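Novice: Structure provided below as structure tokens; questions to follow.
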Amino acid sequence: MSKKGSLFVICGPMFSGKSRELIRVVHIAEIAGQRTLLFKPRIDTRYSHSDISSHDGIHRHAYTVDTAREILTIVLSMTPQPDVIAIDEGQFFDAGLPDACLWMVDQGRRVVVAGLDRNFRGEPFGSMPELLACADEVTKLRAVCMRCKDPRVTAVLPQRLIDGSPAHYDSPEVMVGGAEAYEARCLDCHEVPGKPDVSGVLQGMLM
Ligand code: ADP
Ligand code: MG
Ligand code: ZN
């Protein structure tokens with residue numbers, strides 16, 4: 001059996017079930033007798049300072065940390081070492097997260113990271129692209145688009161709403177909020193006023 005561990009990345013928009021899936025993976029690992037440890041960034045204070053919570057009410061205790069380095073410090077302080085390290089809201093961590101995860105994989109740990117692959121502008125979010133590139137396994141989840149409600153479950157992007165209207169492209173990348181500030185939307189329904197037009201960029205390339 002390989003002495004190396006593995007990296008599993010769970011991504012998708014808000015409400016797609018990332019936290020739920022992360023907690024499920026941890027739960028299954030525990031049934032198999034594995035030691036687990038959960039982490040979340042301090043920036044995410046929506047529900048509880050010490051829990052990872054899903055929008056449908058499932059929660060698990062997690063260490064709240066400020067940096068990726070802090071994850072390593074806590075993991076290294078444990079005896080025996082955890083088998084599975086689960087990290088939620090990966091997009092909010094500093095740029096050290098991929099290296100921290102890969103180091104733990106090198107040490108034989110199974111690392112599971114859940115996070116938004118794209119921000120409200122529809123652009124890659126934080127360290128998630130790097131984590132996705134390095135992952136051994138990737139799950140991309142989708143949600144129900146709250147505008148067209150297509151039953152095929154087509155939402156792939158987080159729609160930021162400010163007082164009910166789509167947020168402008170220049171709005172800050174990080175704005176913590178729940179259902180009052182975000183909803184899941186499909187590509188057809190996603191709106192970002194002020195976003196540079198892709199067809200304009202393409203026309204420039206083709207000239
Ligand atoms: P995430 O971590 O991706 O934001 P959660 O795991 O916290 O997602 O929550 C997933 C749950 O959210 C679903 O099981 C469902 O009960 C609920 N939910 C709320 N809005 C939606 C939506 N638009 N599409 C799918 N599930 C939704
Ligand atoms: Mg979540
Ligand atoms: Zn839609």
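The values are calculated or read from the model by the stated rules, or taken from the named source; none is laboratory data. Just so it is clear, the structure is predicted and the values come from calculations on it, not from any experiment. FYI the Cβ positions are ideal-geometry reconstructions off the backbone, even for glycines, and counts take in every protein chain you see. With ligands, DNA and RNA removed, areas are computed over all heavy atoms of the protein, side chains included. Shrake-Rupley method; radii C 1.70, N 1.55, O 1.52, S 1.80 Å.
Novice: When you scan segment 142-158, how many residues do you find that are near ligand 3 (Cβ under 10 Å from one of its atoms) and not in a loop (DSSP other than H, G, I, E, B)?
Specialist: 2
Novice: Is at least one residue of segment 70-78 at pLDDT 95 or above and in contact with a Cys (Cβ under 9 Å, 6 or more places away or on another chain)?
Specialist: Yes.
Novice: I would also like to ask the following. Just need a number here: residues in segment 12-26 that are in contact with a Lys or Arg (Cβ under 8 Å, 6 or more places away or on another chain) and closer than 16 Å to ASP117 by Cα.
Specialist: 3
Residue-by-condition table, conditions (1) under 30 Å from VAL105 (Cα atoms); (2) within 16 Å of ligand 2 (Cβ to nearest atom); (3) aliphatic (A, V, I, L, M); (4) buried (at least 17 other Cβ atoms within 10 Å of the Cβ):
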residue	(1), (2), (3), (4)
CYS145	no, no, no, yes
ALA155	no, yes, yes, yes
ASP163	no, no, no, no
HIS168	no, no, no, no
GLU183	no, yes, no, yes
LEU187	no, no, yes, no
VAL201	no, no, yes, no
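Novice: Can GLU191 be described as among the acidic types (Asp, Glu) and within 18 Å of GLU123 (Cβ to Cβ)?
Specialist: Spelling it out, GLU191 is indeed among the acidic types (Asp, Glu) and within 18 Å of GLU123 (Cβ to Cβ).
Novice: Given the residues MET78, MET128, MET104, which is the only one that is under 30 Å from ILE31 (Cβ atoms) and either of a type in the set (Gly, Ala, Ser) or open to solvent by 40 Å² or more (accessible area, probe 1.4 Å) (or both)?
Specialist: None of the others qualify; the one that does is MET78.
Novice: Only one of these is under 17 Å from the mean Cα position of the chain (by Cα), surrounded by fewer than 17 Cβ atoms within 10 Å (Cβ to Cβ) and not aliphatic (A, V, I, L, M): ARG60, ARG35, ARG20, ARG42. Name it.
Specialist: Result of the check over ARG60, ARG35, ARG20, ARG42: ARG42.
Novice: Can you list the strands (runs of 3 or more DSSP E) lying wholly within segment 1-91 that have 3 or more residues being within 13 Å of ligand 2 (Cβ to nearest atom)?
Specialist: 36-41, 51-53
Novice: On the given criteria, is ILE87 within 16 Å of ligand 1 (Cβ to nearest atom), modelled with pLDDT of 95 or more, out of contact with any Ser or Thr (no Cβ under 6 Å at 6 or more places or on another chain) and open to solvent by less than 30 Å² (accessible area, probe 1.4 Å)?
Specialist: yes
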